[in-house]
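The values are calculated or read from the model by the stated rules, or taken from the named source; none is laboratory data. No experiment lies behind these values; they were computed from the predicted model shown. All Cβ positions, glycine included, derive from the backbone under ideal geometry; neighbour counts span all protein chains shown. Keep in mind that these areas ignore ligands, DNA and RNA; they rest on the heavy atoms of the full protein, side chains included. Shrake-Rupley method; radii C 1.70, N 1.55, O 1.52, S 1.80 Å.
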Amino acid sequence: VLEGHWRVLFTSRPNSASPIQRFVVGSKVQNVFQELVLNDVQKNTFRNTVKLPGDGILVVEAAIEATDAEKNRLQVRFVNAFFYFKNFNLRFPYPVPFRLLGKKAQGWLDTTYCDQDLRISRGNRGSLFVLKRATPEEIQDIES
């Protein structure tokens, strides 16, 4: 149930260092998505995508290093971030040296509620996330 594409409806950010959260925090969030890939033994991933005005997106990717089913927890390590502008086929790195950040680039995400359509999660710094399952049209829009 947890795996798939989700649209962020709300996020709070007490003490967050997340570039995504700094960019979009508020009671109403638009055009922010999370994708969780959990069934790939070689590459379980967590990916945040923010649609920017025009044709651009900001993508922040993390490796899922461990899962704790008892706590409904994903241990993540942020590994990559970039801006991509579709109309120009241009990709620019987001200037965050994740490898140099060590433990600051690591965290966890607890899921406190999840069904087929709604997910509520909390991050290691206290941030709250409310997400709904993304529609096929939304998925196509961020992946094309």
Can you confirm whether residue 129 is more than 20 Å from residue 39 (Cα to Cα) and not polar (S, T, N, Q)?
yes
Among the residues of segment 114-135, is any closer than 24 Å to residue 9 by Cβ, open to solvent by less than 100 Å² (accessible area, probe 1.4 Å), free of Cβ contacts under 8 Å to residues at least 60 places away in the same chain and among the acidic types (Asp, Glu)?
no
What's the number of the only condition in (1) modelled with pLDDT under 90; (2) open to solvent by 20 Å² or more (accessible area, probe 1.4 Å); (3) touching a helix residue (DSSP H, G or I) at 6+ places or on another chain (Cβ under 8 Å); (4) within 23 Å of residue 144 (Cβ to Cβ) that residue 17 fails to meet?
(4)
For segment 59-79, does any single residue satisfy the condition of being assigned to a strand (DSSP E or B), touching a helix residue (DSSP H, G or I) at 6+ places or on another chain (Cβ under 6 Å), open to solvent by less than 30 Å² (accessible area, probe 1.4 Å) and of a type outside the set (Ser, Thr, Tyr)?
yes
Among residues belonging to segment 73-116 that are among the basic types (Lys, Arg) and under 15 Å from the mean Cα position of the chain (by Cα), point out the one that is farthest from residue 38 (Cα to Cα).
77
What do you reckon, is residue 50 more than 18 Å from residue 10 (Cα to Cα), surrounded by 11 or more Cβ atoms within 10 Å (Cβ to Cβ) and of a type in the set (Val, Ile, Thr)?
no
The lone exception for residue 33 - which of (1) out of contact with any Phe, Trp or Tyr (no Cβ under 8 Å at 6 or more places or on another chain); (2) at pLDDT 90 or above it fails
(1)
Report yes if some residue within segment 82-94 is modelled with pLDDT of 90 or more, open to solvent by less than 60 Å² (accessible area, probe 1.4 Å) and in contact with a Ser or Thr (Cβ under 6 Å, 6 or more places away or on another chain); otherwise report no.
no
